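The structure appears below as C-alpha cells.
Any read-out appearing in this document is the output of simple, stated calculations on the displayed coordinates, not a laboratory observation. Quick caveat, the model's predicted, so the values are computed rather than measured. When we count neighbours, we look across all protein chains shown, and the Cβ atoms used for this are built from the backbone with ideal geometry, even at glycine.
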Amino acid sequence: MLRLLLTALLIAVAAPSARTVDAAPLHGIAMHGEPALPPDYEHFPYVNPDVRKGGAITYGVVGTFDNLNPFILKSMRTTARGMWDPEFGNLVTESLMQRSRDEPFSMYGLLAETVEWDDARSFVQFNLNPKARWADGKPVTPEDVIFSFELLRDKGRSPFSRRLDVVDRMEKIGEHSVRFTFNDKADRESPLLLALSPVLPKHATDAEGFDRTSLQFPLGSGPYRITEVRPGEKIVFERNPDYWGKDIPSKVGFDNYDRIGVEYFLQENSLFEAFKKGTIDVYQEGNPTKWARGYDFPAVRSGEIVRDEFTPKVPSGMLGFVFNTRRPMFADARLRHGLSLVFDFEWVNRNLFEGAYRRTESFWQNSDLSSLGTAVDGREKELLGPALARIEPAIADGSYRWPVTDASGRDRRVLKQAVLLMKEAGYTIKDGVMSDESGRPLAFEIMTQNADQEKLALAYQRFLHALGIRASVRTVDDSQYQSRTQTFDYDVIVRAYASSLSPGLEQAVRWRSDFRDRDGSEAFAGADDPDVGRMVDAILAARSAEDFRSAVRAHDRLLLSNHYVLPLYHLGRQWVARHRHIARPETAPLYGYQFPVWWDADAQQ
C-alpha cells in the first residue's frame, strides 16, 4: 500500500498541471506553422514606415447610427463606424494582438507584447506591454483583460459572448500577464480568437448599462479619441498625441491622419456625388458597369481623382441568394438546387454587367482550399465517411460546373433540369403555377437592402416566373434589414460570405447547427446538417496543412451539395477611387488594400 502511495505521489510531482506549464515568450503566433516575420521585425511589409503623420481623411458610408458600442446585439448595424472596424481600423478599442494582412492568419504583439502557449495549445498566456495605456494615462492591466472577457460573456453579442465557452480557467499571472487554460471545447484556433478580442477599461466602463445603446464617448487604448458625434450623420476622431503604441512594430506606418471623419448617407448615389465633389476622400466601387462608364467627370479627367485596382491573393468568397432552410418550403436540397438552376447567370452578366464577372462555383475558388477541379482524396474520404455518398458525384470528382446557358433567360435545357429536381421535391406545374402536392403555390419573398441587390432580385423574379414560381421582391431600409436578418425573418436574402486562407470559427457560426437559432449570428441559411458540423470541427482541429486543406475541401463539397446558397459571381479584383491627396503604399498585402496604412500626402509638404 505504501509503495502505491509513493508511486502516485511521484507521478503527481512529475506531471505538471496546465497551470504550471511554461513556454518561451513569442513575438507572434500563426494558425499553421510559424509567423513570417522574425522577432526583431521593425514593421509590416506593406506599410510606409517613413510616412509623416498628419492631415485628414473623410470616409463615407450608407446607413445610420445611434450607438457607439459595437460589442452589443442592439443596433449592431447602426453602430458608428471606426470604433471596431475591419475597414477603417480599430480607432478607439484595441485587441491583445494585431493581425498581419499579408499572412493567412498570423498575430503579432499589440496590447500583449508577447504570448506563450504549448504545442497542444492547451493554454495561452498574454504578457501585456508595460507601456500600454488608456487614453487617460492609466495602465492597461490584467484586471482589465479579465473584466473585458467576463463583461462580453455576460452582456456582449456573438462572437464576443462565446469566447469564454472554450476556457476552463482565466487567471492573472504575475503583474502583467493573463493565462487562459482551455477546456475540451477548444480548438487550435481558440488562442488566436482570444488574441483578436477587444480589451475595455474596467475603471471607465459602465458594466451595469453595457448592453444598452449609448452615445457616451468611450475611453479606449487606441490611437484616436472621439471629438464629435452627430447621431446618424457624422462621427469625428482625432489622434491622441500621447498614444502609447505609435512606435511598436505592429503599428508603425498605421494611423497616419490627425483627423478621421465618417459621414453617413441615405443612398449610394448621394455618397458618390459627395465623393465627386470632394466631401468624401475615398470611394469603394463594386459595380463593374459604373467603374467602366461612371467615372467620366472633370475631377477624374484632371487627375484630381485617381482610380486604383487591386488583385488580392485570397479566395473568391461566395456571393449569392441564401435560402432560409428554417422555412419548410426550403427544407429539401433538391428544391434549392432546382431554384438555383433557374437563375440565368449568362443573361445577367451580359445584360447587367457587360460580361465583367465570373460565375462562382466554390466557397474557396481561386485557392488551394477549393474543391473545384480536385477529386476527393484519401484524407477527405476518411473525414467524410458515410457522408461521401451524399455528395453529388461531379462535386466529389472535381468536375462540377454550373451549366452555361444560352443567355436567353429561358434556356429550355437548363430549365428542364430544374423542373425535374423540383418534381423530385414534390412540386409540379399545374395550370401554369408551380405547386406542391396539396396545390399550394411555390411562392416566397426575396428581401434586398439596396438598388444593386434589387436589380439582381428582379432579374431572378423574371426567370422564376417562367416556371410559374411567384417571387416577390422587397427592398427595406437598413434598420429593418438588420432587425429581420438578426431574427432570421426572411425567405431569401442576398448575402456575401467572405473566405480567407485560414477559415475557422466563422464557419461554425455560419454553418454549424448549434448556431442555427442564435439571434444575431451569421447562420443565415439555418443549416442543420451534422456532417457539415463534423467538417467544421475537422477544420478547427487540423494540425498539419495537409489535414487542414482536406477538411476545408470536404466542407466545401458538402456546402455545394446542400445548395444552401445560389452562387452568383465574383471579380477577383478590388476597385477604389481616391482624391489625389490621399496616398498609399506601392504594394498591397495578401488580402488587398488596407485603408489604415494610407496617408494624407498634403501633410508631407
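How much length would be gained if the chain were fully extended between residue 327 and residue 601, taking 0.36 nm per residue of separation minus their Cα-Cα distance, in nm to one decimal?
On the way: separation 274, 0.36 × 274 = 98.64 nm, distance 5.30 nm.
Extending this stretch completely gives an extra 93.3 nm.
How would you classify segment 158-313 from its alpha-carbon gyration tensor, with a ≥ b ≥ c the square roots of the eigenvalues: rounded for a/c under 1.5, else prolate if a/b is greater than b/c, otherwise oblate?
Details: a/c = 2.19, a/b = 1.85, b/c = 1.18.
In terms of gyration-tensor shape, prolate.
Apply the a/c threshold of 1.5 to the C-alpha gyration tensor of segment 105-159 and tell me whether it is rounded, prolate or oblate.
oblate
Report the one residue of 329, 366, 515 whose Cα lies farthest in the direction of the positive end of the charge dipole of the chain (charges on C-beta: Lys and Arg +1, Asp and Glu -1; origin at the Cα centre).
Of the options given, the answer is 329.
In deg cm²/dmol, rounded to 500, what helix-only [θ] at 222 nm does the chain give when every DSSP H run of at least 4 residues adds -39500 (n - 2.57) and the total is split over its residues?
Working: 16 runs with 157 residues, N = 605.
Helices in the chain give a 222 nm mean residue ellipticity of -7500 deg cm²/dmol.
Which one, 219, 575, 35, is farthest towards the positive end of the dipole of the chain when Lys and Arg carry +1 and Asp and Glu -1 on their Cβ?
575
Taking neighbour counts of Cβ atoms within 10 Å as a proxy for exposure, in what order, fewest first, do 419, 552, 433 appear? It would help to have the intermediate numbers written out before the result.
Values: 419 19, 552 29, 433 16.
Listed from fewest to most nearby Cβ atoms, that is 433, 419, 552.
Pick out, from 209, 271, 502, the residue whose Cα sits farthest towards the positive end of the charge dipole of the chain, with +1 on the Cβ of Lys and Arg and -1 on the Cβ of Asp and Glu.
So the residue we want is 271.
May I ask you to derive the FRET efficiency for residue 461 and residue 358 from their Cβ-Cβ distance with R0 = 30 Å, giving the value to the nearest 0.05? Present the calculation step by step, with values, prior to reporting the outcome.
Details: r = 24 Å, r/R0 = 0.79.
Calculated transfer efficiency: 0.80.
Scan around residue 217 for amide H atoms under 5 Å from its own, H built in the peptide plane at 1.01 Å from N, and keep only partners 5 or more places away or cross-chain.
none
Just the Kirkwood number for the chain, please: inverse of mean 1/r across all distinct Cα pairs, in Å, one decimal.
26.2 Å
Leaving out same-chain residues fewer than 8 places away, which lysines sit with a Cα under 22 Å from that of residue 277?
In chain and number order, the partners are 234, 290.
Express in nm, to one decimal, how much length is gained between residue 212 and residue 266 on full extension, taking 0.36 nm for each residue of separation and deducting their alpha carbon distance.
Numbers: separation 54, 0.36 × 54 = 19.44 nm, distance 2.47 nm.
17.0 nm is the gain from fully extending residue 212 to residue 266.
Among 576, 476, 597, which comes first, second and so on when ranked by fewest other beta-carbon atoms within 10 Å?
Details: 576 19, 476 15, 597 23.
Ordered by Cβ neighbours within 10 Å, fewest first: 476, 576, 597.
Over 18 Å between C-alpha atoms is what I'm after, so list which of 155/202; 53/251; 172/246; 202/246 land there.
Numbers: 155/202 14 Å; 53/251 13 Å; 172/246 26 Å; 202/246 23 Å.
The pairs that break the limit, which is 18 Å between Cα atoms, are 172/246; 202/246.
Please rank 247, 66, 332, fewest neighbouring Cβ atoms within 10 Å first, as an exposure proxy. Intermediate results must be reported in sequence, preceding the final value.
Values: 247 9, 66 15, 332 18.
Least to most surrounded, the residues fall as 247, 66, 332.
I want to check the label-to-label distance for residue 334 and residue 487. Put each point 7 Å from Cα in the C-beta direction and report it in nm to one decimal.
3.5 nm
Counting pairs of Cα atoms in segment 468-579, how many percent are more than 25 Å apart? Walk me through the numbers on the way to the answer.
Details: 2127 of 6216 pairs.
More than 25 Å apart: 34 percent of the Cα pairs in segment 468-579.
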